[in-house]
Amino acid sequence: MDVAQRVAERRPAYLAALAGGTERFHEPRRADCPWCGSPRLRIRLRTADLIQHKPGTFTLDRCGNCAHSFQNPRLTPEGLDFYRRDVRETLSGKAADTLLGAPATDRRHLARARALREFDEPECWLDVGTGRARFPALAKQVLPYTSFDGLDPGQGVVNAVRSGRIEEGHRGTLAGLADALAGRYDALSLFHQLERSPDPRAELGAARTALRPGGHLMIEATDPDCRYARLLGKWWPSYAQPRHLHLVPLANLREELERLGFTVVGVERRAAHVPADLSGALALLLNRCLPKGDVPWRARPAPPLRLKLRRAAWWACVPALALAHALDRLLAPLLTHAGFANTYRVVARRGADG
């Protein structure tokens with residue numbers, strides 16, 4: 001089935017969902033910080049959906065007391081489903097595939113496995129938000145004696161079991177399945193899951209439940225203190241509005257882990273950095289400026305000529321995107337020393353019960 005057919009099939013469902021407006025996709029606005037309860041809030045960011053251009057305006061507030069940043073008002077479960085649906089298909093098509101291919105991602109996956117191997121060689125590892133289980137499939141090269149399971153709300157985790165990438169797949173959320181998985185794992189990974197979770201604290205508590213005493217938790221999360229956030233503003237790709245609900249400062253995360261009985265044994269900013277800030281910002285800007293594509297949340301199909309112009313424009317922009325990506329990679333060793341790392345990695349060991 002080609003793109004036009006997929007869009008045509010999805011259009012009635014999208015238009016029906018939008019018939020009553022987007023107000024029901026938002027919870028009531030909070031007057032206090034969900035992390036510390038402080039009422040000292042200020043607007044950090046107000047933006048539209050720069051990736052899919054779905055209707056709506058989204059606000060990130062920052063707490064003046066603990067520096068936690070969060071979407072306010074937050075999306076409801078229905079809103080999250082609406083705005084996260086089809087996101088992988090819409091940013092920049094073939095231009096993004098040309099730049100952000102598998103090799104760099106594969107290297108990051110292998111580096112994650114090596115980072116945990118410095119502290120432990122686990123018997124069984126649960127990868128939360130595993131998707132198609134690319135990480136477990138590669139991590140086996142580094143940890144050949146580790147059994148990898150995956151957890152994800154999507155169909156991909158079922159397919160990953162069938163393909164042999166993971167031993168066992170759990171379909172759902174970590175918070176919802178934690179009791180059933182209690183004490184089963186001696187390693188658990190949360191790669192960019194705290195940003196997407198409606199309640200990061202509940203996610204951390206559920207991770208503790210699923211881990212055995214002495215087990216290791218590996219977290220990677222967007223660093224809200226990254227200087228690229230101020231430099232690029234709403235074009236900073238790590239904001240990822242409206243799909244990211246929370247940006248947890250490293251200090252807050254460490255404090256919460258210690259409260260839960262974890263001991264932080266490793267923290268990395270430079271090694272966890274993903275060199276895609278400039279190229280990602282340029283891709284978002286181009287996606288805003290180039291002719292609009294055919295998407296199911298618009299009532300009228302895009303004219304064929306406009307689609308051809310969009311496709312041609314993206315290919316014409318590939319050299320500029322490639323240059324921006326090269327700058328990301330060349331500048332990373334220098335800039336990550338100066339506060340421009342966009343991700344932090346934390347490894348924490350769960351203490352004994354009691």
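The values are calculated or read from the model by the stated rules, or taken from the named source; none is laboratory data. Computed from a predicted structure; not experimentally measured. When we count neighbours, we look across all protein chains shown, and the Cβ atoms used for this are built from the backbone with ideal geometry, even at glycine.
The conditions of being in contact (Cβ under 8 Å) with a residue 40 or more places away in the chain, surrounded by 14 or more Cβ atoms within 10 Å (Cβ to Cβ), assigned by TED's automatic domain parsing to the domain that holds Pro301 and farther than 30 Å from Pro303 by Cβ are met by His68. Any chance segment 293-314 includes a residue that's among the acidic types (Asp, Glu) and at pLDDT 95 or above? Looking through segment 293-314, none of the residues is among the acidic types (Asp, Glu) and at pLDDT 95 or above. Condition (residue is surrounded by 14 or more Cβ atoms within 10 Å (Cβ to Cβ), within 25 Å of the chain's Cα centre (by Cα) and in a loop (DSSP other than H, G, I, E, B)) applied to segment 297-316: is it met by at least one residue? Checked segment 297-316: at least one residue is surrounded by 14 or more Cβ atoms within 10 Å (Cβ to Cβ), within 25 Å of the chain's Cα centre (by Cα) and in a loop (DSSP other than H, G, I, E, B). The condition of being outside any helix (DSSP H, G or I) and within 30 Å of Leu15 (Cα to Cα) does not hold for Pro224. The conditions of being buried (at least 20 other Cβ atoms within 10 Å of the Cβ), modelled with pLDDT of 95 or more, within 21 Å of Cys33 (Cα to Cα) and within 15 Å of the chain's Cα centre (by Cα) are met by Asp223. For segment 226-249, what are the residues that are touching a Lys or Arg at 6+ places or on another chain (Cβ under 7 Å) and either crowded, with 22+ Cβ neighbours inside 10 Å or not basic (Lys, Arg) (or both)? Hits for segment 226-249 are His244, Leu245.
One line per residue, one yes/no per condition, for (1) surrounded by fewer than 23 Cβ atoms within 10 Å (Cβ to Cβ); (2) in a helix (DSSP H, G or I); (3) in contact with a strand residue (DSSP E or B) (Cβ under 8 Å, 6 or more places away or on another chain); (4) modelled with pLDDT under 95:
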| position | (1), (2), (3), (4) |
| --- | --- |
| Asp186 | yes, no, yes, no |
| Gly205 | yes, yes, no, no |
| Thr209 | yes, yes, no, no |
| Arg212 | yes, no, yes, no |
| Gly215 | no, no, yes, no |
| Ala251 | yes, yes, no, no |
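Here Arg30, Arg42, Arg10, Arg24 are screened, and the one residue that is among the charged types (D, E, K, R) and either in a strand (DSSP E or B) or not assigned by TED's automatic domain parsing to the domain that holds Val295 (or both) is Arg42. Give segment 54-69 a look and list any residue that's over 18 Å from Pro237 (Cβ atoms), of a type outside the set (Gly, Ala, Ser) and touching a helix residue (DSSP H, G or I) at 6+ places or on another chain (Cβ under 9 Å), or say none. Once the filter is applied, which keeps residues that are over 18 Å from Pro237 (Cβ atoms), of a type outside the set (Gly, Ala, Ser) and touching a helix residue (DSSP H, G or I) at 6+ places or on another chain (Cβ under 9 Å), segment 54-69 yields Pro55, Cys66, His68. The criterion of being modelled with pLDDT under 95 and of a type in the set (A, V, I, L, M) does not hold for Leu330. Which condition number in (1) in the same structural domain as Ala210 (by TED's automatic domain parsing); (2) modelled with pLDDT under 95; (3) in a helix (DSSP H, G or I) is the one that Arg112 fails? The single condition Arg112 does not satisfy is (2). Among the residues of segment 33-48, are any at pLDDT 90 or above, in contact with a Pro (Cβ under 7 Å, 6 or more places away or on another chain) and within 30 Å of Leu232 (Cβ to Cβ)? Scanning segment 33-48, I find no residue that is at pLDDT 90 or above, in contact with a Pro (Cβ under 7 Å, 6 or more places away or on another chain) and within 30 Å of Leu232 (Cβ to Cβ), so the answer is no. Give Gly150, Gly156, Gly176, Gly172 a once-over and let me know the one that is in the same structural domain as Pro224 (by TED's automatic domain parsing), out of contact with any Phe, Trp or Tyr (no Cβ under 8 Å at 6 or more places or on another chain), within 25 Å of Val248 (Cα to Cα) and surrounded by 17 or more Cβ atoms within 10 Å (Cβ to Cβ). None of the others qualify; the one that does is Gly150. Note on segment 28-54: residues that are closer than 29 Å to Asp86 by Cα and either within 21 Å of the chain's Cα centre (by Cα) or crowded, with 16+ Cβ neighbours inside 10 Å (or both) total 12.
Residues that are at pLDDT below 90 and of a type in the set (Asp, Glu) were ranked within segment 1-27; the one that is farthest from Phe82 (Cα to Cα) is Asp2. Scanning segment 1-53 for residues that are polar (S, T, N, Q), touching a helix residue (DSSP H, G or I) at 6+ places or on another chain (Cβ under 9 Å) and under 24 Å from Pro224 (Cβ atoms) yields Thr47, Gln52.
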